[in-house]
1. With θ taken as phi - 60° and the coefficients 6.51, -1.76 and 1.60, list the Karplus ³J(HN,Hα) couplings across the stretch 180-194 in order, rounded to whole Hz; mark glycine and proline as x.
2. Using alpha-carbon positions, what is the distance between the centroids of the stretch 174-208 and the stretch 211-232, in Å?
3. Can you give the angle from 0 to 90° between the axis of helix 79-90 and the longest principal axis of the chain, with both taken from C-alpha atoms, to the nearest 10?
4. R0 = 25 Å: FRET efficiency of residue 233 with residue 11, Cβ-based, nearest 0.05?
5. Check cross-link reach from residue 38 to the aspartates and glutamates: straight Cα distance under 14 Å, and skip same-chain residues fewer than eight apart.
6. Between the helical axis of 331-346 and the dominant principal axis of the chain, each derived from Cα atoms, what acute angle in degrees is found, rounded to the nearest 10?
7. Go through 269/458; 46/176; 17/162 and tell me which ones have a Cα-Cα distance over 23 Å in this structure.
8. If each residue of separation counts as 0.36 nm, what is the full-extension length gain between residue 122 and residue 190 once their alpha-carbon separation is subtracted?
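What follows draws every value from the coordinates through simple rules; no lab data is involved. Only a predicted model underlies this, so the values are computations on that prediction, with no experimental measurement involved. Positions of Cβ are backbone-derived with ideal geometry, glycine not excepted, and every protein chain shown enters the neighbour counts.
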Amino acid sequence: MKQFHNFINGEFVATSKTFENRTPVDNQVIGLVHEAGKVEVDAAVKAARAAVDGEWGRMSVVKRVELLHAVADEINRRFDDFLAAELADTGKPHSLASHIDIPRGAANFKIFADIVKNAPTESFQMTTPDGGTAISYGVRSPLGVVAVVCPWNLPLLLMTWKVGPALACGNAVIVKPSEETPATATLLGEVMNTVGIPKGVYNVVHGFGPNSAGEFLTTHPEVDGITFTGETRTGEAIMAAAAKGVRPVSFELGGKNAGIVFADADFDKAVAGITRSAFENCGQVCLGTERVYVQRPVFDKFVAALKAKAESLKIGPPNEPGVGLGPLISAEHKQKVLSYYDKARAEGAIIVTGGGSPTMPAELANGHWVQPTIWTGLPETASVIREEIFGPCCHIAPFDTAEEAIALANNTQYGLATTIWTSNLSTAHQMAASVQVGLCWINSWFLRDLRTAFGGSKASGIGREGGVHSLEFYTDLRNVMIKL
Ligand code: NAD
């Protein structure tokens, strides 16, 4: 049986308390995860502190950048190991993980190392009240010991998107991967040792949230900052923990994202784009679209086209050729998604397609499969329009004017992302200026330039990461004023 150990101070650490890691494809146990208690979390925090105060903290940026490039190269050298680990944990299609999760996971180390190497700080010259001159400039120092609490939907990618910039800035990290997906964070420990990242710079503690590694880590007084990706409700709990000691947080939280399709859009591209944003990764993408608004002249045609696309998605295990839809992450999550399928039915939705679980071959029957699902006909007050489901489903409603589309899109507590489809440049700019989100895609979705800001508005997050914005969180900016 595969063992997933904690990684503390450069060593793999077993504990007496373990929990099962199951693959969502057939619910078989694929390993045992060693849960960290307070002792292991404390050891990881101490190791991280020693790293920041020691060799790592004193290392030149050039040397640090060199090492982080080596981390990326080593992930790519062990691409197949990372891919296999991610596929076993998540069950997502091979085509998706091999194009997005693993390559982007590796790239996060190179890109942020280069950003940090090249990022300038401010500098001003001023005249002083006595007629003299002074110059002032900024100096960035690492935040220190950073807790990185991660979700399960894109395990390696979302973890390295935090760990890459944190390490590039000279911090040491303690990663708490999701209890559902312990594998790639653990594997990364091997990579760190292979390329010579000093002990204690990268640590992993396994476990759950409340009364487990997540809570022990985020309440630990020696943690200097917490970066978290996950549900808004969990963010509230972590923010309360961070209040003690007034520690900074960076939060990427839930969403209930709108997709808006204008009648003048390139129809086929819009259908393809919404198909991806609604169903990719089995709908388990924070940036995904669960509310679609389509301008009335093309509404019926769009609903029919999206239905055809959803029904053409092949459901199956990662390595089966042509698979477009994997399972949900867990039995618990499947139950949650199916409860929304039931609610939609009870609230009077027209079920355009799906609405339940598919019939799978016997060997996959215990996997967490659900059908891609499309609804129409619900009022904006319906549960499936208000609450984040995180499954392969969306509701489609018609709209008439841009003003109406803006009002519909903004009518939510969340503000993460939107995808807008139009061929009219003025409409695109008008919409981009009016939607209350951190990320606005026009005629695209999930297209990212890592030099730019990423994050959510309203209940979808606090702060921005990406490019130099990551430095705002992962460093402390000191002003130096010199009177000449
Ligand atoms: P989750 O909030 O349940 O768990 C995330 C992590 O927090 C896990 O590692 C979990 O163990 C830990 N945790 C839970 N309770 C905790 C506590 N009290 N203290 C400390 N740690 C705790 O989220 P999830 O189900 O893993 O992921 C899905 C959610 O993540 C969705 O809401 C999705 O929208 C969101 N998400 C957001 C983004 C983004 O960029 N905004 C990206 C991906 C996922």
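1. Each residue's phi maps through the Karplus curve to give 7, 9, x, 6, 5, 5, 5, 4, 4, x, 4, 4, 4, 5, 4 Hz.
2. If we compute the Cα centre of each part, the gap is 16 Å.
3. Tilt of helix 79-90: around 60 degrees.
4. Once rounded, the FRET efficiency stands at 0.15.
5. Excluding near neighbours in sequence, the set is 215, 222.
6. Around 40 degrees separate the two axes.
7. Checking Cα-Cα distances, 269/458; 17/162 exceed 23 Å.
8. Extra length available between residue 122 and residue 190 comes to 20.7 nm.
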